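A quick write-up on the structure given underneath.
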Amino acid sequence: MANFSRRKFLVTAGISAAGSILLKGCVGNPPSQTPTGASPTSPAASPTPAAAGDAPETTQIKLGYIPIVESAPLIIAQEKGFFAKYGMTGVEVSKQANWASARDNVTIGSAGGGIDGGQWQMPMPYLISEGIITNGNKVPMYVLVQLVTQGNGIAISGKNAGKGIGLKIADPDVIKNFAAAEGRKFKAAHTFPNVNQDFWIRFWFAANGIDPDNDIDLLAVPPPETVQGMRNGTMDAFSTGDPWPYRIVADDIGFMSTLTAEMWPFHPEEYLAIRADWVDKNPKATKALLKGVMEAQQWCDDPANRAELVQILSGRNFFNIPAPILEAPFAGKYNMGDGKPAIDDFKKGPLYWKDGIGSVSYPYKSHDLWFLTESVRWGFHGWKPDDLDRLKGLIDTINREDLWREAAQEAGFTADIPTETSRGVETFFDGTQFDPANPKAYLDSLKIKRV
Ligand code: CA
């Protein structure tokens with residue numbers, strides 16, 4: 001088994017070598033060509049006979065993914081034959097070098113050699129639809145499924161160990177007055193501006209009384225550069241996702257101050273969104289895709305399937321990393337480092353179909369509104385509180401929870417269909433509450449903001 005030789009390699013070559021493989025696997029590879037259809041390991045998901053007229057308009061689509069745990073439902077739907085089960089026999093999941101490449105590829109579309117949709121941080125589908133991150137080139141998109149919750153966190157360099165930097169920071173002045181001691185501000189990184197990772201680290205700093213725009217330097221840096229900086233002491237913090245936290249702690253580069261699962265249990269994370277022109281032209285194929293993703297999400301959440309999940313994702317065609325790097329987060333096991341107690345809770349790791357509140361898969365409109373409200377909070381894109389009504393209208397266009405509902409109904413997942421488009425009031429670790437019915441009250445309640 002490849003698994004065995006990888007384990008042996010880990011033991012003999014040590015975790016540093018494993019880490020460098022992870023670096024390559026995560027960001028260095030060119031987009032790989034992956035086989036389409038079910039793999040031989042598939043339990044031969046039996047095709048569901050489609051009623052006459054229900055056949056998808058096309059069996060083909062190209063979906064981008066980034067090799068992090070968020071992409072699992074797309075890869076599993078292909079590899080375990082769930083796309084094929086619903087008639088989508090020509091799905092290609094295509095590894096993207098980074099978020100900017102995914103964005104550029106979706107503006108081209110598969111006809112031009114790009115992708116039709118795929119995995120996104122939020123609110124990228126909104127920013128692409130509005131032309132905000134595509135040089136004014138508006139490419140309307142639809143948000144269709146939430147792929148995952150949790151699985152992200154904030155790593156701190158080993159240099160900052162022993163300073164009480166956790167979910168709650170013992171003494172915020174250690175970070176605010178960093179320059180007095182170090183000759184430069186505390187430096188933090190995310191991989192793409194104005195999306196999830198940026199929001200998580202901003203929220204965490206601000207909840208601890210640290211202004212992410214003024215008290216520190218916060219910037220977009222590619223993961224390998226960030227990890228190198230954390231190792232050599234020029235970078236202090238990294239808003240990141242599995243499997244990076246495992247590597248950062250195991251390789252003694254730093255520690256985890258917090259998991260996003262601790263900041264906001266069962267928070268919205270990444271989504272499947274597809275070009276609106278593709279969905280409008282292929283509504284039946286879209287629902288077939290959704291059914292395949294939903295079934296994959298249910299499969300991913302079964303603890304009995306996690307070992308196979310790790311084996312598939314870590315493989316050469318996908319993440320191309322040693323399997324043990326993925327085993328811990330998929331068991332909900334996190335060594336936090338810096339003397340913090342380790343976390344061992346399946347429900348604090350990545351979850352794909354259901355979580356401790358309700359549906360993971362269903363794209364709640366209230367969560368889209370949080371991402372857009374948080375964008376207003378930080379003054380991104382020049383948005384102001386007065387824009388909130390317009391932004392809500394945008395949600396009604398871009399969020400296609402109606403298609404999710406229809407697909408779930410048709411596939412028989414009726415017990416798991418939420419009754420509301422809002423998940424209701426959300427509560428963060430510092431007690432802050434977001435009531436989707438009153439986003440302005442949320443903005444008013446925040447102490448650190450740009451509005
Ligand atoms: Ca993420």
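Since every read-out is calculated from the coordinates, none of them should be taken as a lab result. Because the structure is a prediction, the values reported are computed rather than measured. With ideal geometry, Cβ positions are generated from the backbone for all residues, glycine too; neighbour counts draw on all protein chains shown.
Listing for the model above:
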read-out	value
Most to least packed among 291-302, 427-438 [average Cβ atoms within 10 Å]	291-302, 427-438
Rg(Cα) / (2.2 N^0.38 Å) computed for the stretch 152-263, rounded to two decimals	0.93
Computed label-point distance, nm, for sites Ala342 and Arg184 using a 7 Å Cα→Cβ extension	3.4 nm
Part-to-part distance (alpha-carbon centres) for the stretch 133-156 and the stretch 418-451, which is given in Å	20 Å
Fraction of beta bridges assigned by DSSP in the chain that are antiparallel (%, nearest 5)	65 percent
Dipole in debye (nearest 20) - the stretch 152-263, about Cα centre, beta carbon charges: Lys, Arg +1; Asp, Glu -1	140 debye
In the stretch 333-435, GluC sites (Glu not before Pro) in a DSSP loop with at most 16 other beta-carbon atoms within 10 Å	Glu420
Extension reserve of the Asp444-Asp252 stretch, reckoned as 0.36 nm per residue once the Cα distance is removed	65.1 nm
Share antiparallel - DSSP beta bridges, the stretch 152-263, percent rounded to 5	65 percent
Footprinting exposure proxy for Lys95, Lys159 (fewest neighbouring C-beta atoms within 10 Å first)	Lys159, Lys95
Of Lys159/Lys340; Lys291/Lys333; Lys62/Lys284; Lys384/Lys447; Lys365/Lys392; Lys365/Lys440, those spanning more than 19 Å from alpha-carbon to alpha-carbon	Lys291/Lys333
Gain in span if fully extended, Leu219 to Ala161, counting 0.36 nm per residue against the direct Cα distance	18.7 nm
FRET E, pair Asn137, Thr427, Förster distance 51 Å, beta-carbon r, rounded to 0.05	0.85
Convex hull (Cα only) mean projected area of the chain, reported in nm² to one decimal	20.3 nm²
Calculated [θ] (222 nm, deg cm²/dmol) that DSSP helices of n ≥ 4 give over the chain, each run adding -39,500 (n - 2.57)	-11000 deg cm²/dmol
Relative contact order of the chain, pairs being alpha-carbon contacts under 8 Å that are 6 or more residues apart, as %	20 percent
Residues Ser110, Ser422 arranged by fewest to most Cβ contacts within 10 Å	Ser422, Ser110
Difference of contour (0.36 nm per residue) and Cα-Cα distance, Asp386 to Ala331	15.4 nm
